[in-house]
Amino acid sequence: MNEAIEKLYKELKEKHGKPQGQWKLWCKRPKIEKEMGEVIIGAILTQRTNWKNVELAVNNLKRAKINSLKDISRLRSEKLASLIKPSGFYETKARYLLNLAKFIIENYGGLERMKKEGAKELKEKLLKLKGVGPETADSILLYALDKPVFVVDEYTRRLVKEHNLSAKTDYHFLQKLFEDNLKKNFRLYQDFHALIVINGKT
């Protein structure tokens, strides 16, 4: 099986090259704290919408000089909602983002300290936060904190079906399928997942 998955990665890499667009930042190594924060903001805002809308919301935050999770944690929910309006479901997302930002600042003071904690412990804590499901939690762990956890989304499920890699498509099963058949390497996981999404969109 690992040969089929590795072969798929090589094919996607040949077809699409280095991940571009949003993935340029998400797959950047290493990231400074500000960039890690941007990934986390994006991971919440991208729920149930497309990346163009997320970019509009992120640009609103930048124009308002909201440049970090610390800045977000100090905002009122209504103010944040008005800034992230282009991303859709903005009142709900404002609550989720505020919760997450406060959780990070209150418990870790920032992302560099958070990064030092193990992936398993972090995931358990993240999943307890409203609005953070497995896909969002793993996106934060992989792309913001460089933890080797494979992200599974709709594009991954589609690819698995197309290539007859598995009949089962539940989250944990597919995550294990990729993690068991690839080297445990966050750089590889970042690029591979990004290429799966890029491929799915084209």
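The values are calculated or read from the model by the stated rules, or taken from the named source; none is laboratory data. None of the values given here were measured: they were computed from a predicted structure. Glycine gets a Cβ as well: all are built from the backbone with ideal geometry, and neighbour counts include every protein chain shown.
Below is a table of values for the structure above.
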| item | result |
| --- | --- |
| Among (1) surrounded by fewer than 17 Cβ atoms within 10 Å (Cβ to Cβ); (2) farther than 27 Å from residue 112 by Cα; (3) of a type in the set (A, V, I, L, M), the one test that residue 5 misses | (1) |
| Residue 92 more than 17 Å from the chain's Cα centre (by Cα) and modelled with pLDDT of 95 or more | yes |
| Condition met for residue 193 (crowded, with 22+ Cβ neighbours inside 10 Å, in a helix (DSSP H, G or I) and out of contact with any strand residue (DSSP E or B) (no Cβ under 6 Å at 6 or more places or on another chain)) | yes |
| Residues (outside any loop (DSSP other than H, G, I, E, B), aliphatic (A, V, I, L, M) and more than 25 Å from residue 137 (Cβ to Cβ)) located in segment 1-52 | 4 |
| Among the residues listed as 123, 102, 85, the single one being within 28 Å of residue 199 (Cβ to Cβ) and out of contact with any strand residue (DSSP E or B) (no Cβ under 6 Å at 6 or more places or on another chain) | 123 |
| Pair list, Cβ under 9 Å, 6 or more apart: segment 95-120 residue hydroxyl-bearing (Ser, Thr, Tyr), other residue assigned to a helix (DSSP H, G or I) | 96/44; 96/136; 108/114; 108/115 |
| Single residue of 124, 154 found to be surrounded by fewer than 14 Cβ atoms within 10 Å (Cβ to Cβ), of a type outside the set (Gly, Ala, Ser) and under 14 Å from the mean Cα position of the chain (by Cα) | 154 |
| Failed condition for residue 186, given (1) over 19 Å from residue 44 (Cα atoms); (2) surrounded by fewer than 20 Cβ atoms within 10 Å (Cβ to Cβ); (3) touching a helix residue (DSSP H, G or I) at 6+ places or on another chain (Cβ under 7 Å); (4) free of Cβ contacts under 8 Å to residues at least 24 places away in the same chain | (4) |
| Of all residues making up segment 52-71, the number that are hydrophobic (A, V, I, L, M, F, W, C) and farther than 17 Å from residue 87 by Cα | 1 |
| In segment 157-178, the residues that are more than 18 Å from the chain's Cα centre (by Cα) and not charged (D, E, K, R) | 159, 160, 163, 164, 165, 166, 167, 169, 173, 177 |
| Residues satisfying the stated conditions in segment 33-56, i.e. hydrophobic (A, V, I, L, M, F, W, C) and touching a Phe, Trp or Tyr at 6+ places or on another chain (Cβ under 8 Å) | 39, 43, 44 |
| Those residues of segment 40-56 which are aliphatic (A, V, I, L, M) and either touching a Leu at 6+ places or on another chain (Cβ under 9 Å) or under 15 Å from residue 131 (Cβ atoms) (or both), in sequence order | 40, 41, 43, 44, 45, 54 |
